[in-house]
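Structure first, commentary second.
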Amino acid sequence: MRTKLKERGIEVTQATLSRDLKYLGIVRVFDPRNGYIYSIPSEAYSDNSVDNRGEVNTDLIEDILDIQFSGNLAVIKTKLGHATGVAFDIDRLKIPEVIGTVGGDDTLIVVLKEGAKRENILKYFKGFQKDRSKSDK
């Protein structure tokens, strides 16, 4: 995208571009036909993606496959191409125990404040089953 902007005479640093894309809700997702593309998710990332009780939209809960904790980190596995969008919505939740997120393709890291309780983090993902293997049998 930065190359396309440069072709149009617009100079921008990658950091500024990334920040602006995140602010606009534009995410990079994997498309089986076209590879990675930029997308403006219609419903999942609208202002309705986080309801007034501070819970994640159920569509996003379905994107989460697993959550593991290690120290003050939560590692969240998602469907392919969904980690950046899930990280975006976690940032929008403004969970007091969360310092920030880093999203990849199918994995994101959530950095938690020292001493944050894992149960408090999981409350924000109401409906997420911590151990899905029981429900898959």
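Rule-based calculations on the coordinates, nothing more; no lab input. Worth saying up front: this structure is predicted, and the values here are computed from it rather than measured. Every residue, glycine as well, gets a Cβ built from its backbone with ideal geometry; the counts of neighbours run over all protein chains shown.
For this structure, a couple of remarks:
- For the listed residue pairs Lys4/Lys79; Lys22/Lys77; Lys77/Lys117, the alpha carbons are over 25 angstrom apart in Lys4/Lys79.
- Sequentially through the stretch 117-122, phi angles give Karplus couplings (6.51, -1.76, 1.60; θ = phi - 60°) of 8, 4, 4, 5, 5, 5 Hz, Gly and Pro residues having no value and appearing as x.
- For Leu65, distant residues with modelled amide H under 5 Å away: Lys77, Thr78, Lys79
- Here each label is just a point 7 Å from Cα along the line to Cβ, and for Ser70 and Arg8 those points are 4.1 nm apart.
- Applied to the stretch 72-81, the Karplus parametrisation 6.51 cos²θ - 1.76 cosθ + 1.60 on θ = phi - 60° returns per-residue 3J(HN,Hα) values of 9, 10, 10, 9, 10, 8, 10, 5, 4, x Hz, with x for Gly and Pro.
- With each label modelled as a point 7 angstrom along the Cα→C-beta vector, the Ile37-Arg118 pair spans 3.9 nm.
- Förster-model FRET efficiency, 22 Å R0, Val102 and Asp20, C-beta, rounded to 0.05: 0.80
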